1. Considering only residues that are crowded, with 21+ Cβ neighbours inside 10 Å, assigned to a helix (DSSP H, G or I) and over 28 Å from the mean Cα position of the chain (by Cα), which ones fall in region 471-505?
2. Among the residues of region 134-158, which ones are in contact with a strand residue (DSSP E or B) (Cβ under 8 Å, 6 or more places away or on another chain) and not in a loop (DSSP other than H, G, I, E, B)?
3. For region 551-604, which positions are open to solvent by less than 30 Å² (accessible area, probe 1.4 Å) and β-branched (Val, Ile, Thr)?
4. If you take the residues in region 548-598 that are part of a loop (DSSP other than H, G, I, E, B) and of a type in the set (Lys, Arg), which one is farthest from SER623 (Cα to Cα)?
5. Do you know which residues across region 365-375 are in a helix (DSSP H, G or I) and surrounded by fewer than 23 Cβ atoms within 10 Å (Cβ to Cβ)?
6. Give the number of residues within region 190-215 that are part of a helix (DSSP H, G or I) and open to solvent by less than 40 Å² (accessible area, probe 1.4 Å).
7. Hey, which of the helices (runs of 4 or more DSSP H) in region 1-120, taking only ones fully inside, have at least 3 residues that are touching a residue at least 24 places away in the same chain (Cβ under 8 Å) and in contact with an Asp or Glu (Cβ under 7 Å, 6 or more places away or on another chain)?
8. Please verify whether region 462-470 includes one or more residues that are within 15 Å of GLN81 (Cα to Cα) and loosely packed, with under 15 Cβ neighbours inside 10 Å.
Amino acid sequence: MIDFIKDNLILDDPLILGANISILLTVIGIVFVLTYFKKWKWLWSEWITTVDHKKIGIMYILAALVMLFRGGVDALLMRAQLTVPNNAFLTSDKYNEIFTTHGTIMIIFMAMPFLIGLMNVVVPLQIGARDVAFPYLNSLSFWSFMFGAILFNISFVFGGSPDAGWTNYAPLAIEGSPGPGINYYLLGLQISGIGTLLTGINLIVTIIKMRAPGMTLLRMPMFTWTTLVTAFIIVFAFPILTVTLALMTFDRSFGTHFFTLTGGGNTMLWSNLFWMWGHPEVYIVVLPAFGIFSEVISTFARKTLFGYKSMIISLVGISLLSFLVWVHHFFTMGGSAAINNIFSITTMAIAIPTGIKIFNWLGTLYKSRIQYTTAMLWAVAFIPTFVIGGVTGVMLGMAAADFQYHNSYFLVAHFHYTLIAGVVFACFSGLVYWYPKMFGHKLNERLGKWAFWFFAIGFNVCFLPQFLLGFSGMPRRVYTYVPEDGWTLLNVISSIGALGMGIGFVFIVYNIYYSFRYAKRETTGDSWDGRTLEWATTTAIPPHYNFAVIPEVKSLDTFWFNKQETGKKEKVEYKEIHMPNNAGTPFIMSALMFVAGFGLVFDLWWMAILGGLGIIACMVIRSLRSHKEDEGFHVSVEEIKKTEQSFHEEA
């Protein structure tokens, strides 16, 4: 085993050696702090075993911010390499690894968990529920995501990172990459994908079955609607990824030939299966972002969302079309003109429902009294930048034109305009907007606006020149170029923009620290004069049961209209509240998934079998004890009165 560790621990690269030392020091620091302040029990009982949707949501968001830092550093390293021609800052192999991990981390381990974190915190509150439908499953979802992310990320320092791009195309990922890196990709995504699929099922049942009395489907807040549609896409799309990853794992570990060239497999099978999941995946991260912008714009424009029903129809239309466009990712790979035409039409058709939503937001802003808070700035900036991403997407959707743009930096600029403007802006907007609901205080507005301007300007300075680089013929995935190519100036400008985005992120992190220390604590649950039920809780941070009395919904934006009503308030009569128990098995089961996955990465069969048996044992124990573990506990009327009274006095 010592030889195994020595053979795989990467110590000959200064960059990775620095990462090794940083990780070691961080772990020692965390262990010291927890031990010195005697917080191990607190960590276990309050966080690791929690089934509270709000705490699970916060853990998702914290993990996503860490992954944003990791993926952002990868991006800065790539920009450093490409700033000047003939640069030897990174080798071609290291560059391949970094752009692979950057793409994978940003999509799978940053964007999705950030949004799922916000869904966890907000959706049960928006529909007037006390938790999600399956709290135990929710905990298992988070920990399987977390251990999948850990498994993927340790490849950087142990064994080597995947290097076949985030799309992991066959046969490059099988016959062209024999090391453990691709196995990390396959197993890391497989384990975290289990968590995402469970989350999709959980959210569908929660929203369908647990809405407050009176909340019909057409009275649901828009973020809840986008979450519901997204959850359906997850349930239909993620099984495709699960099967695809499993087939390639068989190819690499058991000698099958689903995707190999030499063994008679079909490499295009991987491309088709990957993008049958991959394009709906784009909407899995974009649709919830649309929901966030809708809530923020409606709140700070102080108007009900314009064209609410048309937006729902658009969401459903996009979700259906998202499964019918995957071939546009490989127009140039030899499909017939007829096939390319069909998928070209379906691709461009998505612009119709997307355009409707743009007009929904503009209609909401029209003649409104806009409050330009930090959250609103992110939302307003999203509209023009996302339109650029959408229009260039239509250009790429034209099959004939795609032959010109394909595999160039034009494509890189397009999908960053779509995903950063559409998703990262939404994550920041949602974080600022719902931050008081998670931590009981607002983020500092001045620092937040500094972060916004640095990031938003830096983003455009970084990616607008990349459209021109694409027109100039710079292909994507190259790690260097020569001066005669004429791409130096635009690459220098692009790298300056990336630096601006990095400074913006530093402002966001510092803002979290500064606000924790100095921000005024909220004394009510309605921090922004909100319109939906998450703002109707007694205090900024809702008690663990969310609502002492389940609210009754009479209209869309019910909380807003309830506040306009004056009159004598009815006396509240409390009843006992049933809540679920904490559970440690999800953490242990997910840790065993990590053990089994690590064993499969290195073909350590004894470890993989041991981990697999442990997972089965956890399932058996859970099945035998579920009747006791699911009993939960009751919050007494006395405790509710005491909790609610203290909140009222504080307010």
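1. ASN491
2. Let us first name the residues in region 134-158 that are in contact with a strand residue (DSSP E or B) (Cβ under 8 Å, 6 or more places away or on another chain), namely 157-158.
The answer is PHE158, and nothing else.
3. The answer is VAL553, THR558, ILE577, THR585, VAL601.
4. Kept after step one, since they are part of a loop (DSSP other than H, G, I, E, B), are these residues of region 548-598: 548-557, 565-576, 580-584.
Subset that is of a type in the set (Lys, Arg): 554, 568-569, 571, 575.
Working: LYS554: 41, LYS568: 50, LYS569: 46, LYS571: 43, LYS575: 31 Å.
Checking each candidate, the answer is LYS568.
5. Listed by number, the list holds a single entry, LEU365.
6. Of all residues in region 190-215, those part of a helix (DSSP H, G or I) come to 190-209.
Adding the requirement that they be open to solvent by less than 40 Å² (accessible area, probe 1.4 Å) leaves 190-193, 195-196, 198-200, 202-204, 206-207.
Matching residues across region 190-215 total 14.
7. Details: elements: 2-8, 14-36, 53-82, 92-104.
Correct list: 92-104.
8. No, that holds for no residue.
The values are calculated or read from the model by the stated rules, or taken from the named source; none is laboratory data. The structure presented is a predicted model; accordingly, all values stated were derived computationally and were not measured. No Cβ is skipped: glycine too gets one built from the backbone with ideal geometry, and neighbour counts run over all protein chains shown. The accessibility values were calculated without ligands, DNA or RNA, using every heavy atom of the protein model including side chains. Shrake-Rupley method; radii C 1.70, N 1.55, O 1.52, S 1.80 Å.
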